[in-house]
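S.K.: The following block contains the structure, expressed as structure tokens.
Derivation of every value follows stated rules applied to the coordinates shown; laboratory data play no part. The structure displayed is predicted, hence computed values, not measured ones. Using ideal geometry, Cβ is built from the backbone for each residue, glycine included, and neighbour counts are taken over all protein chains shown.
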Amino acid sequence: MVVARASPAPLALQVLLCPVMEPLDRTRSREALASGYLIEEATMARYWELYRVDGPAPDDPRVAPLRADSFAGSPPALIHVAEFDPLRDEGELYAEALARAGIRVALTRHAGLIHHFYGLGGVIPAAQAALERVGDEIRETFAAIGG
């Protein structure tokens with residue numbers, strides 16, 4: 001059974017792990033790490049082709065959050081990026097944009113790790129430790145806000 005709500009519940013926290021914030025943008029990290037780091041630039045372009053439906057252009061803020069006119073009213077954010085991730089700069093730019101808007105944000109760059117590190121904890125010990133840190137931060141944040 002599906003229950004419809006009159007309005008969606010407000011988000012209490014954004015938790016972003018290696019986020020895509022610009023589907024086709026070319027940040028310095030996407031250029032420097034375009035191949036050989038688990039996710040490839042050609043794969044990102046293909047993902048966009050598969051994801052896109054008629055309507056949103058690649059610069060539409062609904063699919064390219066960095067293009068938003070304002071971040072006012074956004075929920076606080078925990079953003080984790082990896083040093084060797086082509087998407088690293090996008091996550092860091094989003095953290096900067098939120099901070100400029102006065103939004104509480106914590107940004108962590110995981111040294112030596114690659115894209116999707118959080119799914120590789122079984123084979124990369126540092127990834128397991130990083131994922132545990134993410135969980136700790138979520139618990140601490142919800143404890144602080146009374147969630």
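S.K.: To the nearest 500 deg cm²/dmol, what mean residue ellipticity at 222 nm is calculated for the chain from DSSP H runs of n ≥ 4 alone, each contributing -39,500 (n - 2.57), summed and divided by the residues?
M.R.: On the way: 4 runs with 50 residues, N = 147.
Rounded to the nearest 500, the figure is -10500 deg cm²/dmol.
S.K.: Only sites in a loop by DSSP and with at most 12 other Cβ atoms within 10 Å count here; which trypsin sites (Lys or Arg not before Pro) in the range 1-72 make the cut? Can you show the working numbers first?
M.R.: Working: sites: R5, R26, R28, R30, R46, R52, R62, R67; in loops: R5, R26, R52, R62.
The qualifying sites are R5, R26, R62.
S.K.: Quick one: order V15, V105 by neighbouring beta-carbon count within 10 Å, fewest to most.
M.R.: Numbers: V15 15, V105 21.
So the residues, fewest neighbours to most, are V15, V105.
S.K.: Related question: Are there GluC sites (Glu not before Pro) in the range 19-115 that DSSP puts in a loop and that have at most 15 other Cβ atoms within 10 Å, and which ones?
M.R.: Values: sites: E31, E40, E41, E49, E83, E90, E92, E96; in loops: E40.
Those that pass, being in a loop and sparsely packed, are E40.
S.K.: So, one more: With the Cα gyration tensor of the range 14-145 in hand, convert its eigenvalues to equivalent ellipsoid semi-axes via √(5λ) and list them largest first in whole Å. Numbers along the way, then the final one.
M.R.: Working: eigenvalues 107, 91, 30 Å².
For the range 14-145, the semi-axes come out at 23, 21, 12 Å.
S.K.: Work out the length of the dipole vector of the chain about its Cα centre, built from +1 on the beta-carbon of each Lys and Arg and -1 on the beta-carbon of each Asp and Glu, and round it to the nearest 20 debye. Walk me through the numbers before you get to the answer.
M.R.: On the way: 14 positive and 20 negative charges, 68 e Å.
Taking the Cα centre of the chain as origin, the dipole is about 320 debye.
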